[in-house]
Each structure stands twice: as structure tokens, then as C-alpha cells.
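Taking it in order: structure first as C-alpha cells, then the write-up.
The values are calculated or read from the model by the stated rules, or taken from the named source; none is laboratory data. Only a predicted model underlies this, so the values are computations on that prediction, with no experimental measurement involved. FYI the Cβ positions are ideal-geometry reconstructions off the backbone, even for glycines, and counts take in every protein chain you see.
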There are 2 protein chains.
Amino acid sequence: MKKTEKRTSRAEQKARRPQEILEAAFEEFTVKGYAATRVEDVAARLGVTKGTIYLYFPTKEVLFEEMFRHMSTPFKDVLDSVGGFKGTCADRLRTLLLLAYEKIPNDRKTRELLRLTLSDGTRFPDIVDRHFDEFIAPLVAAVRALVDEGVSAGEFRRGAAANYPDVVASSILHVAVWRLMFADRRSIDGPAFMEAHYDLALNGLLQRS
Amino acid sequence: MKKTEKRTSRAEQKARRPQEILEAAFEEFTVKGYAATRVEDVAARLGVTKGTIYLYFPTKEVLFEEMFRHMSTPFKDVLDSVGGFKGTCADRLRTLLLLAYEKIPNDRKTRELLRLTLSDGTRFPDIVDRHFDEFIAPLVAAVRALVDEGVSAGEFRRGAAANYPDVVASSILHVAVWRLMFADRRSIDGPAFMEAHYDLALNGLLQRS
DNA sequence: TATCACTGACTAACGGGTTAGTCAATTCAG
DNA sequence: CTGAATTGACTAACCCGTTAGTCAGTGATA
């Protein structure tokens, strides 16, 4: 079935297999969800048969969980770098939003993992925790740190918004959910939305002087 | 199986059945999703057998679609009423947000329909359209109308936020998604979040003068 | 009111199709 | 040739949708 390609030795192929399988699994699971995806579909995407999958992963459930882990790429490190940036809190808020938009609604991997967390999180509590630790907690922490600093510096107002920092970043989710729901059927202007978000959040935070 | 209760005649029972089935279907489908839910599970919830379901609905797909329709309760009418309210645009924004929070993240029905739209929308394009028409479009329209009026009256700033009204309401989604993801495992303070949202949005919109 | 023929909502059991997981046979690189 | 990687036929379990048969409830009749 798999045609023999001179450039890949058996050892290389075997070493590559797990990753290939996890990536094929990602494509299938995100389109159909856990229950509706067949292990055979995952195999077919690689041009192998079901048996091969079971040489590398013991069950469909384990395949799903390891796929989720494999596709969660680090976000916390990126965010932490914002702490080191210079400039006004307003400037750094902009940078933070840019990074968050890049990572959450603009990155297909992250977006689709959000879908899976919502659809199959009930059956796989681990992925919910992972999602929280990986994406939500770091982002909220970064926003909180920035807002607190802005308030201390007198640049931002004290007030309800400053006390519940989630609200500053939460619009990001709107774009992610929109894209998950409508895909190409209804487009959303990402940059324009982000500008609007930044404009509203910044003016909402700034001292009214 | 169903014990004879004097107070329910056959005719009454039969008239009630479709609704009972749709509500049982809602409970099952929202927990497990379309694919993982068995028609027998829906039946068991009512204390009847699978055959009974098929007396009222021809296929599992139709059952799902009709359940979705039955559970979508009108939102547009409620929102339209805000147009008639008196007061500053700030006051009416608050009312609008209150209504939207009540309807979207605080109403379990709406919240769970959002989950289904995200998980199974790919298989059932109709429910995506329905979701858009029922919830998203009316809310965005209401916000846009209010913001435009505020700008015309000189109460709100012109600016990016005023031009992309989704961003004013989008934090609502955060609470809905949070509750879908974490259920009771991580609580979120709804009223406090709404206050923060209102505070940020209003200050973001008001003239800075 | 008491009897009884009839109706129709419901059940139980099954056919047919699907899929997770297994394993003996096959292939092919080294 | 050898043995590791892969295949694909197979099994057992599952679930949708069907249908012959059941029996509770109804209402006509005396």
C-alpha cells in the first residue's frame, strides 16, 4: 500500500510513524469529533491500515489523548516574554493582544483543540485541565500582571474591569468561536476586530483624566 | 413498564410524548454529543423503549434536529424591547448586557445549544444557521443600534470599537464557554464578571472629554 | 353499572450494517 | 535469508431502525 520510497529507510519510517499518526488523528478527530471518527479513517489518511495504528497506540482513547497532548504547543513562554518588554502599559497591552490573537483564534491547532475540549471534554476530563493550564491560566495571569502594573503606575483606572482581568482579553474567544462555527461560510475581519478590541479595552482601562 | 397512573389518559399521554422525548433527547445529546448518544438512552430516560421513540420520530437525525428547534427559545423579541426603553445610552447598554447574560451564559438551554452547535455543526449545517439567526445576529444588531445612537447623540466616541460592535458584547461568550468547559469544577462569578464587562465597555465607549 | 370487543401505544427481539481491536500471513529492507 | 513492519481478514460487540405481538384503556351495548 505504502509505496517504497528510496529516501526513507525502515528505521526512519518507524521513528516518524508516531508523529505522523498523531497528526493524522488530529485532522480526523477535529473534523468529526471523538465518537464519529473511525481508527480506519486515521490510518487511511496515512495510506496504511488500521493494524498499523494499533502497533503504536493500544486503544483509540489513548490515541486521542496523546494526540491532544502532542498538539498543545507552548503558549506560556511566549506570554512571559511580554513581561520583559519596555514601553507604556498601553503598548504592552497591544503586544499582548497581538500575541494572544496569533495563538488562539488565528492558529488552527489551538482553535480546533478548543472545539475538542468543548465537545469531548465531558468524556476526557484531562484535556479540560490541560486546556486550562496551557491557554487560559497563562493568558489571564499575563493580563492581570499588566493591568495591575498599569494601575500601580497610575496609567490605568482602578475599577471593576481592573479587578476581573479576564474581561479584558475575553473578546479573543469571540473570533475563535466564530471561526469554529462558520469556517469559511461567514468571514470575520481578524485585524479589524482586534483593532476594535484594543481600542475599546484601552479606552476602558485608561485614566479618564 | 410504564405503570398505569389514573390521572393520565391515553390521549393525554400521547399528546405529551413528543415534548417529553425532545426534552429527554436534549439531556442526552448535550452530555454525549450526537454520535455518542444512543436512541435507547433517550428512551431509557423516559422509562420507555427505543421503539416508542421511532413511533414519533423517523430517524435519529430528525430527532436531533427537532430537539434543537424545540429548545431554541426566542431571544430577538426580548432584545427588541430594549429599543423602546428610555434613559441614557449607558443605561440602556447596561440593560442590554443584563438581558444578554441572562439569555446566553446563564440559561442552561442556550449554553448547551452553543456546545452542540460547535461540536456537531459540521454535520448539521442547519443548526449553525439557526444559531446565527436566533442568537448572534439579533444581539449584534441590538448592540450596533445602541452604539450608533450613542455616537449620534454625542454620548459615545467614534472609533474602531463603535464600528465593530461585536466586540462590545463578545465577553458574554467567555462566561458561556467557561461554564461549558468547567461546569462546577471551576466557578465563575457571573455578576462580578458582568460588572467588570459593563465597566470596561462603557468607559471604552464614553466620550473622554 | 357490568361486560366485552376493539384500538393503538408500547414492547421485545431481531436483521443488517458498522467498528474497535486481534492475529496469522505477507512483504521487504538489511 | 531473516526478522521486523505491515497487512487485512476476522471476531465480538454495538447500535440503528423494523415489526409481530401484547395488553391497558376505551367506549358501545345491554
Where residue A:86 falls short, out of the listed (1) part of a helix (DSSP H, G or I); (2) in the same structural domain as residue A:188 (by TED's automatic domain parsing): (1)
Exclusive hit being over 16 Å from residue B:159 (Cβ atoms) and facing another protein chain (nearest Cβ under 8 Å), set A:174, A:197: A:174
Filter result for residue B:102 (within 24 Å of the chain's Cα centre (by Cα) and either of a type outside the set (Phe, Trp, Tyr) or more than 16 Å from DNA strand D (Cβ to nearest atom) (or both)): yes
Exclusive hit being surrounded by 18 or more Cβ atoms within 10 Å (Cβ to Cβ) and at negative phi, set A:46, A:63: A:63
Within segment B:19-34, considering residues that are away from chain A (no Cβ under 14 Å) and among the small types (Gly, Ala, Ser), the one nearest to DNA strand C (Cβ to nearest atom): B:24
Whichever residue in segment A:179-194 is more than 7 Å from every other protein chain (Cβ to nearest Cβ) and in contact (Cβ under 8 Å) with a residue 40 or more places away in the chain and, among such residues, is nearest to residue B:165 (Cα to Cα): A:194
Residue count, segment A:151-161 (criterion: within 8 Å of chain B (Cβ to nearest Cβ) and touching a residue at least 40 places away in the same chain (Cβ under 8 Å)): 2
Hits in segment B:44-59 - residues which are in a loop (DSSP other than H, G, I, E, B) and over 26 Å from residue B:111 (Cβ atoms): B:47, B:48, B:49, B:58, B:59
Count of residues meeting criterion [surrounded by fewer than 13 Cβ atoms within 10 Å (Cβ to Cβ) and free of Cβ contacts under 8 Å to residues at least 40 places away in the same chain] in segment A:84-114: 6
Residue list for segment B:30-59, restricted to those being more than 17 Å from residue B:13 (Cα to Cα), free of Cβ contacts under 8 Å to residues at least 60 places away in the same chain and hydroxyl-bearing (Ser, Thr, Tyr): B:37, B:59
Residues located in segment B:195-209, provided they are in contact (Cβ under 8 Å) with a residue 40 or more places away in the chain, not aromatic (Phe, Trp, Tyr) and not in a loop (DSSP other than H, G, I, E, B): B:197, B:201, B:202, B:204, B:205, B:206
Given (1) near DNA strand C (Cβ under 9 Å from one of its atoms); (2) of a type outside the set (A, V, I, L, M); (3) more than 14 Å from chain B (Cβ to nearest Cβ); (4) surrounded by 13 or more Cβ atoms within 10 Å (Cβ to Cβ), number of the condition residue A:70 does not satisfy: (1)
Identity of the residue in segment B:46-62, under 12 Å from residue B:20 (Cα atoms) and aliphatic (A, V, I, L, M), that ends up nearest to DNA strand D (Cβ to nearest atom): B:53
Subset of segment A:34-43 (residues that are in a loop (DSSP other than H, G, I, E, B) and either within 11 Å of DNA strand D (Cβ to nearest atom) or of a type in the set (Val, Ile, Thr) (or both)): A:37
Residue B:58, sole failed condition from (1) in contact with a Pro (Cβ under 6 Å, 6 or more places away or on another chain); (2) surrounded by fewer than 15 Cβ atoms within 10 Å (Cβ to Cβ): (1)
Whichever residue in segment B:155-209 is hydroxyl-bearing (Ser, Thr, Tyr) and crowded, with 20+ Cβ neighbours inside 10 Å and, among such residues, is modelled with the lowest pLDDT: B:164
Close pairs from segment B:60-83: first outside any helix (DSSP H, G or I), partner away from DNA strand C (no atom under 16 Å from the Cβ), Cβ under 7 Å, at least 6 apart: B:72/B:113; B:72/B:130; B:72/B:134; B:73/B:109; B:75/B:103; B:75/B:134; B:75/B:135; B:75/B:138
Qualifying positions in segment A:117-134 - of a type outside the set (Asp, Glu) and away from chain B (no Cβ under 11 Å): A:124, A:130
Pair list, Cβ under 7 Å, 6 or more apart: segment B:7-29 residue without any contact (Cβ under 8 Å) to a residue 24 or more places away in the chain, other residue surrounded by 15 or more Cβ atoms within 10 Å (Cβ to Cβ): B:24/B:42; B:24/B:45; B:24/B:46; B:27/B:45; B:28/B:37; B:28/B:41; B:28/B:42; B:28/B:45
Selected residue [more than 27 Å from residue A:118 (Cβ to Cβ), within 13 Å of DNA strand C (Cβ to nearest atom) and modelled with pLDDT of 95 or more] from A:8, A:37, A:59, A:52: A:52
